[in-house]
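First the structure, in the form of structure tokens, and then the observations on it.
What follows draws every value from the coordinates through simple rules; no lab data is involved. Keep in mind it's a predicted model, so treat the numbers as computed, not measured. We place every Cβ from the backbone using ideal geometry, glycine too, and count neighbours over all the protein chains shown.
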Amino acid sequence: MSVSCSDCFSDLLCREDSEILSEDSPECSSDLESPAGSEESIATFIEDERNFVPGFDYLARFRSHPLDASARALSVAWILKVHSYYGFQPLTAYLSVNYLDRFLYSRRLPQTEGWPLQLMSVACLSLAAKMEEPLVPSLLDLQVEGAKYIFEPRTIRRMELLVLNVLDWRLRSVTPFSFIGFFASKLDSTATNTGFLITRATEIILSNIQEASFLEYWPSCIAAAAILSAANEIPSFSMVKAEHAESWCDGLSKEKIIGCYQLMKDFLIKSCRKKTSKILPQLRVTIRSRVSSSTDSSSSSSSSSCKRRKLNSCPWIDDDKGNSE
């Protein structure tokens with residue numbers, strides 16, 4: 001289904017049809033996400049991070065309108081699917097959601113659900129990919145993984161321009177990935193487990209961006225809580241507490257880190273329960289089938305002919321019907 005915006009969303013009716021970002025653009029790529037920044041750069045990130053997050057009342061909107069939260073969760077889920085499909089960098093997914101949230105904080109869409117939000121998701125993902133990926137799929141190829149609507153490239157470019165204007169062209173955002181390398185090196189001074197800490201913290205951050213509750217916390221706090229969560233999976237760091245994280249740099253709040261860390265633990269527990277609930281029925285089926293096959297094999301020689309007679313005598317057995325089912 002191809003959607004044109006000629007009859008709705010008047011803000012999209014601009015006349016620029018050229019590519020939004022060029023090689024000459026100062027926002028062509030992000031250099032914020034170094035593995036481990038210096039004390040000075042981290043201090044700058046702490047000072048600037050408030051400029052790259054939606055306001056606190058943005059979270060209150062989701063708490064008072066569950067449908068908005070549900071629609072956002074579906075959009076983020078789609079972004080993550082496309083991110084996985086193309087093997088994009090973790091930062092690309094996070095920036096996509098960051099652009100989405102910052103836009104929605106400043107500008108309400110005509111509809112909470114439906115094509116406007118999907119168009120917004122495609123545009124934000126496209127901009128993030130142009131910022132971070134060496135190879136970017138075409139705008140048509142980007143619309144995969146269950147996209148309900150297919151938008152024309154011209155429509156998406158117009159939406160990209162609207163996003164850029166609303167965000168004041170500030171795409172080089174401060175994110176949790178600006179901090180995790182530095183925090184990991186602070187925790188692991190010997191660099192023995194730094195690689196694991198960064199990798200695991202990245203997985204934790206991406207697994208939580210679909211949840212609106214994390215909008216309460218700024219990037220530095222999310223990064224610190226993610227490093228703590230990753231550290232707790234290493235026996236030698238199992239005693240590390242949120243109080244220790246507060247000393248990693250100026251500007252961190254112990255209370256905020258504790259709250260974010262606990263939220264991460266709660267969602268991890270929920271995720272494990274969901275996985276267990278899916279695995280247990282399969283285990284029951286497997287166990288039953290093994291018991292059944294064992295019983296059948298032990299008595300097959302003595303009762304196979306009897307079983308054939310019983311099966312053939314069942315009035316509901318029909319080869320054609322059985323094959324169709």
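A few points about this structure:
- Two-site FRET efficiency, Lys270 against Ala60, from Cβ-Cβ distance with R₀ of 30 Å, rounded to 0.05: 0.85
- Pairs from the list Lys130/Lys256; Lys81/Lys130; Lys148/Lys270; Lys130/Lys270 with a Cα-Cα gap above 23 Å: Lys130/Lys256; Lys148/Lys270; Lys130/Lys270.
- Prolate/oblate/rounded call for the stretch 35-96, Cα gyration tensor, a/c under 1.5 rounded: oblate
- Shape category assigned to the stretch 92-143 from the gyration tensor of Cα positions, a/c cut at 1.5: oblate
- FRET efficiency for the Ser189 to Glu47 pair, using the beta carbon distance and R₀ = 25 Å, is estimated at 0.50.
- Computed from backbone phi with θ = phi - 60° and the Karplus coefficients 6.51, -1.76 and 1.60, the 3J(HN,Hα) list for the stretch 45-53 is 4, 4, 6, 8, 4, 5, 7, 10, 10 Hz; x is used for glycine and proline.
- The stretch between Lys81 and Asp168, if pulled fully straight at 0.36 nm per residue, gains 28.5 nm over its current Cα-Cα span.
- Rounded if a/c under 1.5, otherwise prolate or oblate - the stretch 69-109, Cα gyration tensor axes: oblate
- Gain in span if fully extended, Ser247 to Arg154, counting 0.36 nm per residue against the direct Cα distance: 28.6 nm
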